[in-house]
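What follows draws every value from the coordinates through simple rules; no lab data is involved. Just so it is clear, the model here is predicted, and its values are computed rather than measured. All Cβ positions, even for glycine, are placed from backbone atoms using ideal geometry, and neighbour counts span all protein chains on display.
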Amino acid sequence: MFNWIAQVFSVTRFSMLSLPQRKGSSAAALLGIAGVVAVMVGVLSIAQGVLKTMESSAGDTNAIVLRSGADSEMMSGLGGDDTRIIAEAPGVARDASGPLASPELFVVINLPMRSTGTDANVPLRGVQSQAVQVRDGFNLVEGRMFEWGLNEVIVGIGARQQFAGLDIGSSIEVGKEKWPVVGIFEADGGLSESEIWVDAAVLQPAYRRGNSYQAVYVKLNSRDAFGEFKDSLTSDPRLNVKAMREAEYYEAQSSTVYNLITGLGTLIAVIMGLGAIFGALNTMYTAVSARTREIATLRALGFRSGPVVISILSESLLLALAGGLIGAGLAWLAFDGYRAATLNWASFSAITFAFDVNLKLLVQGILFAMVIGLVGGLLPAIRAARQPVAHALREL
Amino acid sequence: MKYFYLVFSSLKRKKLRTLLTMLSIMVAFLLFGYLTAIRQAFDAGVEVAGADRLIVRHKVSLIQLLPESYEEKIERVEGVDNAAHSTWFGGIYQDPKNFFAQMPMEPEELFDMFPEYIISDEHKAAWLATRSGALVGRGLAKRFDWEVGDRIPINATIWTKKGGGRTWEFEIVAIYDGAEKGTDTSQFFFRYDFFDETRAGGTGQVGWFSVRVNDPDKAAEVASAIDAEFANSAFETKTEPEGAFIQGFANQIGNIGFIIMSIMSAVFFTILLVAGNTMAYAVRERTNELAVLKAIGFTDRGVLGLVLGESMALTLVGGAIGLGLAWMLVSMGDPTDGSFPVFYIPVSSIFLGFGLIALMAFIAGILPALQAQRLQIADALRR
């Protein structure tokens, strides 16, 4: 057994040492695999970014209430009376000022994107003072909060970066009015950072909404209070609403975009991976045929076929690993944190997010590279081991 | 002919390597074709947008409605030939995943405004005669196996019925085909008169207007004239060409064109390395043979052509098979199960594909070919 392992080491060392002789074709295979991994990680990081934005929007003990049958705030509608009943429901946390329930209005306003100059449906949210207490990560980073009752707005950092005319000092045009931007806020990387906020009482008349809202966000006493809260709302004959945990709601919001990008990204990666496997096979077959005599000599000296197979495989896996690391590294350098905007189909509004090259993706990319290396090396390795010694030695 | 035979036999020399290289080139062009179709799906409508059509919407946002009475006022603006309104219905058929566009429209105006929707006289008569009738695109009908006469329930998310109901039932009375390949046949139209008398709120309000101008060259002026007409009213408008409107919408989803370009660059760069490397090997291994060819009278340029021809043959076969496979894969249906309004490879992209094949063959082959051209017979034979 020891002898066998010693053989593996010496043959493998031998093939590694001869690697520089085949640098052209090895580099081609390595860069090919790097390209595949970079594209795969890059595309999937878009989906991860959207997912992360949605996940960081969800408060652990938070719930959202919509009109029953509505899948997003955009489609929902709740009367002012409904929102008061919801705020008084059991399970809702309270502080000195009353229940932590925030009735909100959600509309869009057309503003040009910085990247293309064409219009985007930027979300415009009408809030009351509780909105800030319900959201954990809310924090003004520049300027000040708007004055309640005035035509002033604050803007999420994502929205400011992606859409034109949202810096402090500029203003948005809503009909004949101009609403100045007075502050910039962040919200833990969540969805709110894509939004513009204004006093709900200002937004209602501007969008002809009377005294109506679209959603109520509540902070509950604890995670377990959700059941009680939900039951009391659904059994109340005055209401026709549904309650969801925020995590559930945001997951549903992102599933279309996430599935589309992940599906396409995986498909592209698999097809590209096939191409890379052909490239790797080519390289390894070339390597094996260049070393036919060498390998046959080793076999004639008494080296067994196992170590020979392993040495060829390790060469191909090493190339794949290096390619995978380079590709994953490139994707990380080029894409991680890159901010972009897309359209959330569920709410018909823009969301801004940052590409997220996380550890899971990097590992996935490198594993994929290893699979390419394994498949690309296996057949050539078997051929090398099967070659009849006498015949191979005679070859030029 | 002798060249053809020579190219063929040198490709046969290492069959496995030739095959593997062809396969990787095939994969590159398979991706090229497939990604082109995806891009086409996202840009759907930009190419086939009517050059003579404008879209008029609420200035603040698309979700705000405009009075139906604007139609007459728009039609009185100089340079306007006709105007027709649409409204986003946004209903759900069975499951939110079955997304498709539903819009109430004036039954007669539809065909005048959108001549690219082709319909038989019989279907047209039924559509004009049935108040709760629906006119659906061929693609949509195929997706859900609908036939004329089927009753389709749609759950409203925005528009409740009078009395509070949310389920609208329509009878499919007509199916339209697209005049061009890029025409969107994934839409579901129903009648505005039925919509307006059935909805609980918003009576007399519509989503946006399509406007046809007499002279496409004056479209910009007509657009400003329409916006000026409604300036300072309670409902100000924004008017833009249909193509720009659709492009703007596609831009919101993201810079798909750029993402796909980046992926394709990575793919082609990778495959170029593989193909270039194969050609370099092929030439290095055959140094002797090439020298012999020269010795028996082949010119330098002849040898150059031989190597380039080999690279061309390799790329052409691999690339053509790849494009063919992409074509097959795309015609089997889109990856989202029918949510893309169109999914096909435009003919122009096939030409572009063959252009890329030629380019790639040249780049992969030129260095080894030059090397072969410069071979000194005496040196090479001695090796």
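Seen against the Cα atoms of chain A and their longest principal axis, helix A:246-290 is set at about 10 degrees. Compute the label zone of residue A:394 within the range A:278-301: residues whose backbone N is under 15 Å from the point 7 Å along Cα-to-Cβ. Output list for this probe position: A:293.
Taking Cα atoms only, the orientation of helix A:2-17 departs from the longest principal axis of chain A by about 80 degrees. Here the range B:277-383 is assigned +1 on the Cβ of each Lys and Arg and -1 on the Cβ of each Asp and Glu. Its dipole about the Cα centre then comes out at about 580 debye.
The alpha-carbon positions of chain A define a convex hull whose volume is 180 Å³ per residue.
Under the membrane-span-like helix rule (DSSP H runs whose alpha carbons stretch at least 24 Å along the helix axis, mean Kyte-Doolittle hydropathy 1.0 or higher), chain B yields B:15-42, B:256-285, B:300-331, B:347-374.
For the protein assembly as shown, the mean residue ellipticity at 222 nm estimated from helices alone is -17500 deg cm²/dmol, where every DSSP H run of n ≥ 4 contributes -39500 (n - 2.57) and the total is divided by all residues, rounded to the nearest 500.
Restricting the range A:141-209 to trypsin sites (Lys or Arg not before Pro) that sit in a DSSP loop and have at most 12 other Cβ atoms within 10 Å of their own Cβ leaves A:144, A:176, A:208. A Förster distance of 35 Å, applied to the separation of the beta-carbon atoms of residue B:15 and residue B:179, puts the FRET efficiency at 0.10. Proximity of backbone amide H atoms, modeled 1.01 Å from N, is registered between residue A:118 and A:113 at under 5 Å, excluding neighbours fewer than 5 places apart on the same chain. The chymotrypsin sites (Phe, Trp or Tyr not before Pro) of the range A:86-192 that DSSP puts in a loop, and whose beta carbon has at most 15 other beta carbons within 10 Å, are A:148. Charges were assigned to the Cβ only: +1 to each Lys and Arg, -1 to each Asp and Glu. The resulting dipole of the protein assembly as shown about its Cα centre is roughly 5360 debye.
Modelled spin labels at residue B:112 and residue B:352, positioned 7 Å past Cα toward Cβ, are 3.8 nm from each other. Calculated from the alpha-carbon coordinates, the range B:256-350 shows an Rg and a Dmax of 19.5, 63 Å respectively. For the range B:265-305, the Kirkwood hydrodynamic radius from C-alpha pairs, put into Stokes-Einstein at 25 °C and a viscosity of 0.890 mPa s, yields a diffusion coefficient of 211 µm² per second. Of the Cα atoms belonging to the range A:151-194, the radius of gyration and Dmax stand at 10.4, 34 Å.
Percent of Cα pairs in chain B per distance bin of 20 Å, from zero to the largest separation: 23, 39, 22, 14, 2. Loop exposure criterion: GluC sites (Glu not before Pro), DSSP state outside H, G, I, E and B, at most 13 other Cβ atoms within 10 Å. Applied to chain A, the longest stretch between such sites is A:148-394. Taken one residue at a time, the phi angles of the range A:199-215 give Karplus couplings (6.51, -1.76, 1.60, θ = phi - 60°) of 4, 4, 5, 7, 6, 3, x, 5, 10, 6, 9, x, 9, 10, 10, 10, 8 Hz. Gly and Pro are set to x. Between residue B:234 and residue B:121, the contour length at 0.36 nm per residue exceeds the Cα-Cα span by 36.6 nm. Loop-located chymotrypsin sites (Phe, Trp or Tyr not before Pro) in the range A:327-363 (DSSP state not H, G, I, E or B) with no more than 12 neighbouring Cβ atoms inside 10 Å do not occur. Computed over the range A:69-239, the quotient of the alpha carbon radius of gyration and 2.2 N^0.38 Å is 1.07.
Ordering B:357, B:276, B:135 by Cα displacement along the dipole of chain B toward the positive end leaves B:276 in first place; charges were set at the Cβ atoms of Lys, Arg (+1) and Asp, Glu (-1). The three principal axes of the Cα atoms in the protein assembly as shown give end-to-end lengths of 94, 65, 52 Å, sorted in falling order. Near the amide H of residue B:187, within less than 5 Å, lie the amide hydrogens of B:137, B:140, all on another chain or at least 5 residues away, with H placed in the peptide plane.
With each label modelled as a point 7 angstrom along the Cα→C-beta vector, the residue B:200-residue B:47 pair spans 4.5 nm.
For the range B:57-67, putting each phi into the Karplus relation 6.51 cos²θ - 1.76 cosθ + 1.60 with θ = phi - 60° gives couplings of 9, 4, 5, 6, 6, 5, 7, 8, 8, 10, x Hz, in residue order, rounded to whole numbers and with x for Gly and Pro.
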